[in-house]
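The values are calculated or read from the model by the stated rules, or taken from the named source; none is laboratory data. This one's a predicted model, so the numbers in the text were calculated from it and none came from an experiment. Because the Cβ atoms are built from the backbone with ideal geometry, glycine has one as well, and the counts that use them run over all protein chains shown. Just the protein is used for accessible areas: all its heavy atoms, side chains included, with ligands, DNA and RNA removed. Shrake-Rupley method; radii C 1.70, N 1.55, O 1.52, S 1.80 Å.
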Amino acid sequence: MTMPEPLTVQEALHSTPARRYLSPEPISDEIIRELLDAAVRGPSGGNSQGWAWIVVRDPEVKAKIAEYYLEGWNKAYGSRREQILADPEGMSAASFNAADHLANHLAEAPVWIFPVLLGAARSQNPRLGSSIYGAVQQLMLAARAHGIGSTLTTLYMGHEAEVRELLGLPSDALTMALIPLGYPAKGRWSQPKRRPLDEVVFFEKFQTP
């Protein structure tokens, strides 16, 4: 197993963008276990740990869920390419093309991780279990240390029931995301471009500089 890159926390936080061009090169079980061990050290509301983490490598399962994902992508974005790219405030061409590539090549990512919240399906609380996303970020930061790209995706969720069945989940569980993992096939580790803090950070009340 390759040793993770020695990164400071700040270096990792500033250089872990979504990576959507992923190589099919295999990722070892040892590395996957290390990433998940980092994930479960992340936040869990009340330390309840009412979660499960499903590792998916099965090509048939991935192919079916990838169909659901591509359907979701085309409904939300793919069918509106010209409209989206014509919006000066909208998605950049590079971001659109990367997301479109992922939607059409999702199944090629060698490993998928589904964070699952147990007992959540009947809840009416939209924030139930949201602390799991902090744990997901820890997974992605650990992947970054190993030179493995990742992104948090949810466009398959129009078929949540079918995905639950494919993953053998209990009826009261919900998938919270899909994180495809793979060594980057294109691009580089860099600080993502973001709007200046002064445009998005307010003190005490919204739009108070």
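Within this structure, Y133 passes the test of being of a type outside the set (V, I, T), under 23 Å from A66 (Cα atoms) and without any contact (Cβ under 8 Å) to a residue 60 or more places away in the chain. Restricting attention to segment 108-120 and to residues that are part of a loop (DSSP other than H, G, I, E, B) and open to solvent by less than 40 Å² (accessible area, probe 1.4 Å), the residue that is modelled with the lowest pLDDT turns out to be A120. Out of the residues in segment 152-193 that are free of Cβ contacts under 8 Å to residues at least 24 places away in the same chain and part of a loop (DSSP other than H, G, I, E, B), which is least open to solvent (accessible area, probe 1.4 Å)? Across segment 152-193, the extreme among qualifying residues is G168. Cβ-Cβ distances below 6 Å connect the following pairs, each with a first residue in segment 33-45 that is over 17 Å from A120 (Cβ atoms), a second residue that is open to solvent by 50 Å² or more (accessible area, probe 1.4 Å) and assigned to a helix (DSSP H, G or I), and a separation of six or more residues or different chains: A38/Q138; A39/Q138; G42/Q138. Does segment 65-76 include one or more residues that are within 21 Å of L141 (Cα to Cα) and either open to solvent by 80 Å² or more (accessible area, probe 1.4 Å) or among the small types (G, A, S) (or both)? No: zero hits.
Within segment 7-35, being open to solvent by 30 Å² or more (accessible area, probe 1.4 Å) and assigned to a helix (DSSP H, G or I) holds for V9, Q10, E11, L13, D29, E30, R33, E34. For segment 84-103, which positions are touching a Leu at 6+ places or on another chain (Cβ under 8 Å) and surrounded by 15 or more Cβ atoms within 10 Å (Cβ to Cβ)? Selection gives M91, F96, L102, A103.
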